[in-house]
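Single-structure report; data block below.
The values are calculated or read from the model by the stated rules, or taken from the named source; none is laboratory data. Everything numeric here is computed off the predicted structure, so don't read it as measured data. Cβ coordinates were reconstructed from backbone atoms using ideal geometry, including for glycine residues, and neighbour counts include every protein chain displayed.
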Amino acid sequence: MHRFWILAAILGLGLSAGDTVSAHGPAETVVEAEQVLSELVAIPGKQIPHRLLEDAQGIVVIPNVIKIGFVAGARRGHGVVLVRDHDGEWSLPQFLTLTGGSVGWQAGIQGTDVVLIFTTRKGVEGLMNGKFTVGVDASVSAGPVGREAAAGTDATLRSEILSYSRSRGLFVGASLEGTALEIDHEAHAFYYGTPTGTLPRRVPVAASELRHFLSDLSPKNLATHAAANPAPAPVVSPRMIEGLRRSLNRNSDQLQAILSPEWRPYLTLPKELQQPGTSPSTESLTQILGRFTEVSQSPDYRRLAQRPEFQTTFELLREYERAIVASNPTLQLPPPPKDVRRE
């Protein structure tokens, strides 16, 4: 009997966590979806290949999917889906829910960010027309990662859905087979002021920003001509830099939470990085990058350097620097030498 109450408490705690996530509301879901997408395409060696985004017919982003369980598990999540039309334009985000289950010896609570890339029009239409089961209504496989990952792998050619996840809890590598996705008409009506399938009464800024951000990552002309032309490197736009900045601050907060008081100032981001619309000076950015580099290379700080909070923040910081340099054609140089000539 005592064991039964323990199991019930674990299950109840997990369901409460799922309710907490959903209580954030559609507006927060849209903002978090852009943060997740910006992180999954930014981290070097681990990001979704841009070529897959260029050819995608639909993209589902579900921040912080909660998975709970002991012997039997369950997943709950709220997210958005954006669909590409025949002209290559992305739709405004539509809301959906994720529910599913799994069986196995597993216990605990996990928060996982999930991204699903739909590679076929058929799969997208099936999702938008009603309840959709991953792995049943469309085949699914883990998507390739990295800048040089080939889009023409066997898994990619066979699968209608490519799945990506980023775990921050106890579970890793869980399959999404059997997970159900369902359009959330109630959230749509609350957020846009009109029923699903009709023109929105209002278009919140965050919804437009997410749509434009995805458009920046996957230009429509490349979606049409990708087979005939090699894909150039994506253009670094101010919106992409701002997405990187937000993701960097989000991960920096997680790093700060595990640091002792004497370490927090040493690895604190420049103040300009913590404010929207501002960029740090070359000197401050070089200084903080130097500190992260020194920690990563020193055997004395191996425990810290191996923590995912440190590694992700460091990787995003380096990617942010690359984006700033790529977006600014002006050479970043130290002050010119002093003129020592006598008049």
Anything in the range 274-326 that is closer than 23 Å to residue 217 by Cβ, touching a residue at least 40 places away in the same chain (Cβ under 8 Å) and surrounded by 18 or more Cβ atoms within 10 Å (Cβ to Cβ)? List them, or say none.
312, 313, 315, 316, 317, 319, 320, 323, 324
When you scan the range 231-316 for helices (runs of 4 or more DSSP H) that lie fully inside it, which ones turn up with 1 or more residues that are of a type in the set (Val, Ile, Thr) and in contact with a helix residue (DSSP H, G or I) (Cβ under 7 Å, 6 or more places away or on another chain)?
238-258, 282-297
Out of the residues in the range 120-144 that are in a loop (DSSP other than H, G, I, E, B) and in contact (Cβ under 8 Å) with a residue 40 or more places away in the chain, state the one that is surrounded by the most Cβ atoms within 10 Å (Cβ to Cβ).
143
Can you tell me how many residues in the range 262-307 are closer than 24 Å to residue 241 by Cα and among the acidic types (Asp, Glu)?
2
Which of the residues that make up the range 49-104 are basic (Lys, Arg) and either at pLDDT 85 or above or assigned to a loop (DSSP other than H, G, I, E, B) (or both)?
84
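So if I check each of 292, 314, which one is at pLDDT 90 or above, within 17 Å of the chain's Cα centre (by Cα) and not assigned by TED's automatic domain parsing to the domain that holds residue 34? So that I can check it myself, show each step before the final result.
Working: 292 fails: within 17 Å of the chain's Cα centre (by Cα).
Matching residue, one of 292, 314: 314.
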